[in-house]
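What follows is a set of notes on a single structure, which appears directly below.
Read-outs: derived from the displayed coordinates by stated rules, not from any lab. Note that the coordinates shown come from a computational prediction; the quantities given were computed from them, not determined experimentally. Glycine gets a Cβ as well: all are built from the backbone with ideal geometry, and neighbour counts include every protein chain shown.
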Amino acid sequence: MLKKLYLPTAKFILITALFYPSKVLAFSDTETHWANNCIKEMTPRKLVTGYPDGTFRPNATITRAEFAVLMLNAFPNAPIKRQGTTFNDVPTNYWGHRAIGDAYQRGFFSGYPGGLFQPNQAIERVQAIGVMAGAMNYAIPNNPTNILRQYFTDAAQIPQYGVNAIATAAVNTLVVNYPNIKELRPNQRATRGEVAALICRALNIYTVPPQYIAGVEVQPQEVRALPGGLNTIPTFNSNYPELVETDGILLSTFPGENKLVYSAHLNFAFEGRFDIFTHHIARAETQDQTRPLYQGLIVENPTDQPVTIDILQAATYLSTPDAPFIPLADIVENPNGNVYSGPGSRTMGDILRGVRNANFPTQIVLKPGETQILMNQPIPIKQAPASNGRSTMMRLQSNGKVYLANLAMKAPRNSSGNFRPPTLAEWQALLIEGELAQPRNLTPTPLYPPQEPTVFGRVAGVSQGTEWLAKITDNPGSDFLRIPDPGQAFSYVIGTVHLITLSTGQIQSANMLARYPDTAYFAHSNYGVEYNITLPLKNTTPQPQTVTVSLQTPLKDEGGTDRLLFLNPQSNQIFFRGTVRLSYEDDKGQKQTRYIHLLQRRGQKGEPLVTLNLPPGMEREVNVDLVYPPDSTPPQVLTVRTKTR
């Protein structure tokens, strides 16, 4: 009999209850079960409940009707996808009649031929995993059949209808296999314990033993918070909407008085040192939509004295043609700055080197009350369908107060009918009369209580902090960092955000000094923030040691600071593209400064950036600097490892 899964595409929110009502918070039959910690964590959150006799029965099976109830409890805000239907084997007086109907309308399930649902049939693992993967809105990977062969020794047993869904779940580390991580057992009946583990994985409850998560490799090593912190220099931080579809205001720190839309202006004046970061995309589905989108940065002196702005550094690049996303090796020496993939990679590489693009002046002087254009650049598209993006980063110094605005406008035409850049007067008119640019569809979920899936949102406002300085020593009273024991490693987190701290509890995201209500609460990922990390490594052992320093991109995990999780097989999702600067004294006593472009995928261990041979008692300093690039996804870690001799 042909079976079919309907996999929904929408993102949903939170599980509230499961199975049968009970007041029991600790179960008498789960202590020795492999998913015990998961079940324990879910119980006080009212995500699962047990039976009146105090048991959970983790090895009992679940019927299709029970799983329909589970999915509705799991995703109560799932939209209706289709009209209802009548199943011949689900009478109106059946206890799960309404739940089955609702689950069908929301696309969680389809029935069997002959108008059947088979509500009392125990659900198989392939169906349970596939339905949950669909609810999580995972993208289907390329070559799913080949992917499944890499993950599971019994991949050939997966029914054809479940191939895409299981491959999708596997690459997103949703699949849990006990006791053998390589055996999917797709056609076996799912147990209550297995379903609990699925929920924990879907909701980022980090209690499933990682040795049972398909595709996950556990690396025992110590994970530490990064010492130091952000400075207090403000950043004009414009990244929402990332995709710009209308004329309008992307970010304005002007006062709202005398503006048509008061709430579109944040009334924040910059003075002294400040940065500008912007990252936006234009898209054309048809050739009629290829009219260039211009991005205009304007600055105003609201005072009665002249104001001078020194442009210390500035870089701006397009995806096409300046910095296309091209395949690169994982590690490439980049001494001349000509290795990059994407505009964020190229822009931040220039800033790391202290570059100011030639099309930016070194200084501008604003008369009292004067407004000038700081940047007026297109995001062009020549042939639809296509998209293009522009990343911009500036470091500035002002001797007086100024207001800034980042504006978007479709290119006007000149008298000959050709597209031209907007004038200052046109930008000023848009500032006064315009509304916030659209679309605005990524409103962040509340920080507390956490919700899954979590929407962090994009940044549009003024963030606080342009540089993170960290000198890492054993303790505040020490002036060196003791290297790990042979065969051991420790790691320092970089780019941690709310809910993603690798168990350190450290959130590095810059605070927002001003923001629009529908944008991110913090400057998640710290795009454009420079990390300057000093490692005064010392070999305190009586033997010579070989030490490596690496940048790594582990999986999100809050299960403990004694491990990192990586992927095997390797993912295709690129989570970091950017240049890192290394400064150190090599084994010959020569001072070295190297620029290295790194490309890392989700869950990638990364190769050593530098290898040092340290004699007994030797101290050698390594400096690692990077400007966190757009199009990267945290977290990363900086890892120091001592090789086994």
**Request:** Take the Cα radius of gyration of the stretch 36-214 and divide it by 2.2 N^0.38 Å, with N its residue count; two decimals is plenty.
**Result:** 1.02
**Asked** What pairs in 367/401; 471/605; 471/556; 588/643; 40/81; 538/643 have C-alpha atoms more than 22 Å from each other?
**Response** 471/605; 471/556; 40/81
**Message:** Using Cβ contacts closer than 10 Å as the measure, can you line up 257, 245 from fewest to most?
**Reply:** 257, 245
**Asked** Where does the charge balance sit around residue 279 when Lys and Arg score +1, Asp and Glu -1, over other residues with C-beta under 10 Å from its C-beta?
**Response** 0
**Item:** Calculated SAXS-style log₁₀ I(q)/I(0) at q = 0.11, 0.13, 0.20 Å⁻¹ - the stretch 467-642, Debye, Cα scatterers
**Value:** -0.49, -0.68, -1.47
**Asked** Counting only DSSP beta bridges with both residues in the stretch 404-553, what percent are antiparallel, rounded to the nearest 5?
**Response** 55
**Request:** Match the structure shown to one of the listed values [x] 90, 69, 57; [y] 79, 74, 44; [z] 117, 70, 50 of Cα extents along the principal axes in Å, computed from it, and give that label.
**Result:** [y]
**Request:** Calculate one ³J(HN,Hα) per residue across the stretch 341-354 by plugging θ = phi - 60° into the Karplus curve 6.51 cos²θ - 1.76 cosθ + 1.60, and present them in order as whole Hz with x for glycine and proline.
**Result:** 9, x, x, x, 4, 6, 4, 5, x, 5, 5, 4, 8, x
**Prompt:** Roughly how many debye, to the nearest 20, is the charge dipole of the chain about its Cα centre, given +1 on each Lys and Arg Cβ, -1 on each Asp and Glu Cβ, and no other charges?
**Reply:** 1180
**Asked** If contacts are Cα pairs under 8 angstrom and at least 6 residues apart, what is the relative contact order of the stretch 125-200 in percent?
**Response** 42
**Prompt:** For the residues 95, 427, what sequence is obtained by ranking on other C-beta atoms within 10 Å, fewest first?
**Reply:** 95, 427
**Message:** Give me a comma-separated list of calculated 3J(HN,Hα) values for the stretch 462-467, in order, Karplus coefficients 6.51, -1.76, 1.60 applied at θ = phi - 60°, integers in Hz, x for any Gly or Pro.
**Reply:** 10, 9, 10, x, 10, 8
**Prompt:** What relative contact order, as a whole-number percentage, does the chain give when Cα pairs under 8 Å and 6 or more residues apart are counted?
**Reply:** 15
**Prompt:** Just from its helices, what would the mean residue ellipticity at 222 nm be for the chain, if runs of 4 or more DSSP H residues each count -39500 (n - 2.57) and the sum is divided by every residue, rounded to the nearest 500 deg cm²/dmol?
**Reply:** -4000 deg cm²/dmol
**Asked** Going toward the positive end of the dipole of the chain, with +1 on Lys and Arg Cβ and -1 on Asp and Glu Cβ, which of 448, 539, 203 do you reach last?
**Response** 203
**Prompt:** Of the peptides 496-507, 187-198, how do they stack up when ordered by the mean number of other Cβ atoms within 10 Å, highest first?
**Reply:** 187-198, 496-507
**Fill in**
Using alpha-carbon positions, the gyration tensor of the stretch 418-471 gives root eigenvalues a ≥ b ≥ c; with a/c under 1.5 called rounded, otherwise prolate if a/b exceeds b/c, else oblate, the class is oblate
**Fill in**
Within the under-15-Å Cβ sphere about residue 378, not counting residue 378, Lys/Arg +1 and Asp/Glu -1 give a net charge of +4
**Prompt:** How much net charge surrounds residue 620 when only other residues with a Cβ under 10 Å from its Cβ are counted (Lys, Arg +1; Asp, Glu -1)?
**Reply:** -4
**Request:** First check a/c for the stretch 241-433, with a ≥ b ≥ c the square roots of the eigenvalues of its C-alpha gyration tensor; if it is under 1.5, answer rounded, and if not, answer prolate when a/b is larger than b/c or oblate otherwise.
**Result:** oblate
**Asked** What order do you get for 553-559, 346-352, 135-141 when each peptide is scored by the mean count of other beta carbon atoms within 10 Å, highest first?
**Response** 346-352, 553-559, 135-141
**Item:** Mean Cβ neighbour count within 10 Å, used as a protection proxy, ranking 539-549, 164-174 highest first
**Value:** 164-174, 539-549
**Fill in**
Using alpha-carbon positions, the gyration tensor of the stretch 64-110 gives root eigenvalues a ≥ b ≥ c; with a/c under 1.5 called rounded, otherwise prolate if a/b exceeds b/c, else oblate, the class is oblate
**Residues 583, 416, 491 arranged by fewest to most Cβ contacts within 10 Å** = 416, 583, 491
**Prompt:** How big is the Rg/Rh ratio for the stretch 450-512, C-alpha atoms only, Rh by Kirkwood, two decimals?
**Reply:** 1.07
